[in-house]
Each structure stands twice: as structure tokens, then as C-alpha cells.
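The values are calculated or read from the model by the stated rules, or taken from the named source; none is laboratory data. For clarity, every value in this text was computed on a predicted model and none was experimentally measured. Here the Cβ is made from the backbone with ideal geometry for all residues, glycine too, and neighbour counts use every protein chain on show. Heavy atoms of the whole protein, side chains included, go into the accessibility calculation; ligands, DNA and RNA do not. Shrake-Rupley method; radii C 1.70, N 1.55, O 1.52, S 1.80 Å.
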Amino acid sequence: MRHGGNDDFWRQNAIIDRPQQYQDIPVYLVGGWYDSWASNTTANFVALTKSIRGPVYLIMGPWIHGLQGRSAHGQVSFGPSAAIPDPLAWRREWYDHWLKGIDNTVGKEAPFRTKVRIFVMGTGDGHKTKEGLLEHGGFWRDEQEWPLARTRPTNYYLRSDGRLRDTPPARNGGATTFQFDPRHPVPTIGGNISSGNDIMLQGAWDQRGGPHIWNGKEPMPLSARNDVLVFQSEPLPADVEVTGELAVRLWISSSAVDTDFTAKLIDVYPPSPDWPGGFDLNIGDGILRTRFRESLIRDVLMEPGKVYPITIKLYPTSNVFKKGHRIRVDVSSSNFPRFDVNPNTGEPLGDNRRAVVATNCVHHDADHPSHIVLPVIPAEPSTPAK
């Protein structure tokens, strides 16, 4: 906890940094859009594909960590096809082929037919199932690479009026300020979590508090908090598929020498008879400790009031934002207990004695065009795999 720099201290764990050190063997990378290791899984695929002969396979489902045999995770159902019927038999097929030389489905049939297989979430009708879950749905699709070659990176800009638009802001776009009190952090509601131990919820959840939230029992949406900045699009005129790596690029300043900035991508369901208040579905999120804004190797404190560019990497995803839904980005400075809370003091990591309130600011004008980069996929090839 006290060694934050990604230097030689972490060398033994550095698969992504030193892929050439790994043996040239067949690799099957299994991950989920709500798995805590999702970013590492796709990054490993990119790194190992370039450094070993492999073959290297990748499959990404709508799963949380280790539960590929389920089709519902958190408060959401992705449909029966999302589950692998027999996860152990599925794994054995891979090992039988490569360790015993058995001629089976590997390289011939799903899920081993192509090097990349992904579950595209979000094509359900949004009704409430008999189990009380949101039917978000989705389908499997075979691909040839990751990231997808046909991706169209599209910037959606944060605007001063709380809108999220695909056009840059005006010169007088201004900035939005909020108070981040480390004694009252934004509670974690779902996301890419491996072990909750009764204080965190895994997977896909409506971003509203309630008795099921360990540190957020008030029945209010996170978007109602004063320390959460909300930027959302107009209702979409057509479906938008977002598949790939996600990044939020912000221009920020703070009264503190060190603080955190968080970002969360949300699929906003409109109100319906089943969900009168709508449903704010978490898709991906991330965090940056500003002392590591320049490099993950060496920390550098900030000058209070100075504007800095930062990039927050969100977990990768594949999701269809349906017609009538909104694309939303929430920006804040905490997501606890998933991430430890920054005391805003600049003291050594894991060894602070103080905590102060930080005045944090997100700039969004022509010179500081804060935005999210969405990997938009053209609609034409969206054919479900068998």
C-alpha cells in the first residue's frame, strides 16, 4: 500500500511491461466486463499477441470474476446465452487439445472458433424479470482482433450546462467546482470487484443508495450528491455501440497538492412502468491519483490552483446504448471502499495523519476540452454470432 510507483519493486508482476519474458505457449485469456482484471486481460492479449507465437485467444463476457457460468450479475440479467453452460468442461476442452493433442472444437467451434469472442451487452428490452432484475440482454460476437479495427474513436465533451455532446465547447465554456471531503466519500455501488466480503456489491447495479449499500443507505441516486458532477447526452436518436478501451481526458485543478479524480460511464435508462425512476446502469469506471498524473513510476505533487491535463483509464466494455437512452459521465474524487480515499494532504501513501477538504475543479472550455473518448462501432456489422 505504501509503494505506489510502478518500478522494479513490482517487476515480478509486470506481465504487460515485459511480455517477452513469458513462455511461448498457447494462451486462453478469460475475462469479464465486470471482472476486476478486465483491463489487464485485454492488455495482456494485446501484449502477448505481439510478443509470442501463441496462439493467443481472448473471451470477454458480461461476467464478474470467476463466475462465467452465470447470466446475471448484480442487479442485471444479460440473458441465458451469457452463461457458459459447463465452465469446467469448457476449460477441459482447451487443455485436452493442447496437452493431450485431442482434435476437438478448439479452432473450429464457438467459443474457440476465432481468436477473439466478446459479449455485446445492452440489446435487451429493459423489463423487470420475475427475479426483479433489469433485462439488459446482449449477444455473442466473434472478432479477429482487439481493439476492433473498425472502431471510430469519438469524443463526447463535458459542457458547462451538464450536457455531454460530440462537439467541442465554446471558448467561454468555464469550469465546474466541487468540494471533496475524504470523511464523506462517494460509496461504491457495483463495478469491477473480485471480493466484496459484504461491504461491496459486484457487477451491474442501479447507481442509487439504499439499505443494500454498506456506506450509502440513503435511498438517493449518486447523481444527487454535491460532490458528483454529472454530464449526460440528450436521449439518443439511434442505437450506439461502444466496444473497446475507455478513457476520460480531463483538465483539472485543485486546492490540494494531491487528490483523486474518478470517472464513471453510465447507461441511463428512461423511466418505464417497471422502473419508474429509470435505471442508472454502471458500465465502466476508473480513478487517477493526481500525484501519478505524469507517470505511474514516479509521483509528483501539484501546485494548488494550477490546471493540469489528466487521463483516467476506465475498464473496457462492449455495450449498446439503445435509442432513447442517455450516455452519461459522472466525475468525482472518490469511490469507496473499492478505492482507498485520498486524504488530500500529499503525505506518504498509506501513512497520512491528516485529512483536508479539497476544492476540486474540472475545466471544460475551448482551451481545456475535457471529454470521454468512446470507441464507437459502426452499426452495419452488428450480427450476433451463433
Counted residues, the stretch 134-176 - those being of a type in the set (S, T, N, Q) and surrounded by 14 or more Cβ atoms within 10 Å (Cβ to Cβ): 5
Any hit, the stretch 81-97, residues being assigned to a loop (DSSP other than H, G, I, E, B), without any contact (Cβ under 8 Å) to a residue 60 or more places away in the chain and buried (at least 16 other Cβ atoms within 10 Å of the Cβ): yes
Selection count where residues are open to solvent by less than 10 Å² (accessible area, probe 1.4 Å), free of Cβ contacts under 8 Å to residues at least 24 places away in the same chain and under 16 Å from I266 (Cα atoms), scope the stretch 187-210: 0
Qualifying residue in the stretch 146-166 (condition: free of Cβ contacts under 8 Å to residues at least 60 places away in the same chain and farther than 19 Å from V329 by Cβ): yes
Residues satisfying the stated conditions in the stretch 1-44, i.e. open to solvent by 40 Å² or more (accessible area, probe 1.4 Å) and in a helix (DSSP H, G or I): D8, F9, W10, R11, Q12, N13, Q20, Q21, N40
Residue, farthest from N197 (Cα to Cα), within the stretch 207-235, restricted to residues that are in a loop (DSSP other than H, G, I, E, B), of a type in the set (A, V, I, L, M, F, W, C) and more than 21 Å from the chain's Cα centre (by Cα): M220
Unmet criterion (only one of (1) under 22 Å from the mean Cα position of the chain (by Cα); (2) closer than 30 Å to T154 by Cα) for A366: (1)
Selection status of L148, over 30 Å from P80 (Cβ atoms) and under 20 Å from the mean Cα position of the chain (by Cα): no
Flag for R141 being out of contact with any Asp or Glu (no Cβ under 8 Å at 6 or more places or on another chain), assigned to a strand (DSSP E or B), closer than 30 Å to L29 by Cβ and basic (K, R): yes
Residue within the stretch 179-186 that is polar (S, T, N, Q), in contact (Cβ under 8 Å) with a residue 12 or more places away in the chain, over 25 Å from Y34 (Cβ atoms) and not in a loop (DSSP other than H, G, I, E, B) present: yes
Restricting the stretch 53-80 to residues that are open to solvent by 20 Å² or more (accessible area, probe 1.4 Å) and of a type in the set (A, V, I, L, M), the residue that is modelled with the lowest pLDDT: L67
Candidates T123, T105, filtered to the one that is open to solvent by 40 Å² or more (accessible area, probe 1.4 Å) and polar (S, T, N, Q): T123
Count of residues meeting criterion [part of a loop (DSSP other than H, G, I, E, B), among the small types (G, A, S) and over 19 Å from N215 (Cβ atoms)] in the stretch 336-358: 2
Residue within the stretch 231-244 that is touching a Lys or Arg at 6+ places or on another chain (Cβ under 7 Å), open to solvent by less than 10 Å² (accessible area, probe 1.4 Å) and among the aromatic types (F, W, Y) present: yes
